[in-house]
Amino acid sequence: MISLSNAIITKNALAHSLKGLMEHTPLNKITVKHLVDDCGLNRQTFYYHFQDIFELLGWIYTTEALESIAQYRSFNTWTDCFYRIFCYIESNKAFCCNTLDSLGRNHLDAYLYSVTHDMIMGVIRELSEGLEVSSTDKEFIANFYTLAFTGLVIQWIRNGMKEPPKQIIEKLSELLEGNFVKALHTYGNKSAPSL
């Protein structure tokens, strides 16, 4: 039986190796054998923890990236959250670009969607206190802004990450200023009984 701490150490070793290999090898060319040889483990150990390389890829995005933005889920901190997402991608450029250009793209998409949606939903819950807005309408608003942001990030990656993240965040802040509240009031008024 492997202890929890040993399991985390092993998963981190595999994650570190995968990220290192992805610096110079396309994801679809990396095999489990390459991975375990790189970090000095055996195939059985890999398969004890992960079904395949794509599951490891998803685990990396979930653990590394989600943990770094967990505290940024309020109206006052949403720009900090977005900035941290950009910083994570910049500091893991080869890893993220390689993921984007592979069959593992859905893990990058899922990561971006998950962190953005959680943060935006936190903002919407905070701003909708006291308003009569259905959970379906809140979800619609969160989904709209989440898809807009994730599309923006994917395009930024595809364009070579040239525009500085702070500049993008400033533009987003100007664009979204007041729009969350306006959308919530619009949906709140829609469900209110007419006089």
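The values are calculated or read from the model by the stated rules, or taken from the named source; none is laboratory data. If you're wondering where the values come from, they're calculated on a predicted model, not measured in any experiment. Neighbour counts are summed over all protein chains in view; Cβ atoms, including those assigned to glycine, are modelled from backbone coordinates with ideal geometry. The area values use the complete protein model at the heavy-atom level, side chains included, leaving out ligands, DNA and RNA. Shrake-Rupley method; radii C 1.70, N 1.55, O 1.52, S 1.80 Å.
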Conditions (1) at pLDDT below 85; (2) farther than 30 Å from Glu174 by Cβ; (3) in contact with a Gly (Cβ under 6 Å, 6 or more places away or on another chain) -> Met1 fails only (3)
Out of the range 1-30, which residues are of a type in the set (Val, Ile, Thr) and either touching a strand residue (DSSP E or B) at 6+ places or on another chain (Cβ under 6 Å) or open to solvent by less than 60 Å² (accessible area, probe 1.4 Å) (or both)?
Thr10, Thr25, Ile30
Among (1) crowded, with 16+ Cβ neighbours inside 10 Å; (2) within 28 Å of Asn28 (Cα to Cα); (3) at pLDDT below 90, where does Cys97 come up short?
(3)
If you go through Leu108, Leu127, the only one that is of a type outside the set (Phe, Trp, Tyr), crowded, with 18+ Cβ neighbours inside 10 Å and under 25 Å from Asn28 (Cα atoms) is Leu108
Would you pick out the residues in the range 126-145 that are without any contact (Cβ under 8 Å) to a residue 40 or more places away in the chain and hydroxyl-bearing (Ser, Thr, Tyr)?
Ser135, Thr136, Tyr145
With the condition kept exactly as written, say whether any residue in the range 112-125 is within 15 Å of Ile60 (Cβ to Cβ), in contact (Cβ under 8 Å) with a residue 24 or more places away in the chain and not in a helix (DSSP H, G or I).
no
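Would you check if Leu103 is in contact (Cβ under 8 Å) with a residue 12 or more places away in the chain, open to solvent by 60 Å² or more (accessible area, probe 1.4 Å) and in a loop (DSSP other than H, G, I, E, B)?
So Leu103 fits the description; yes.
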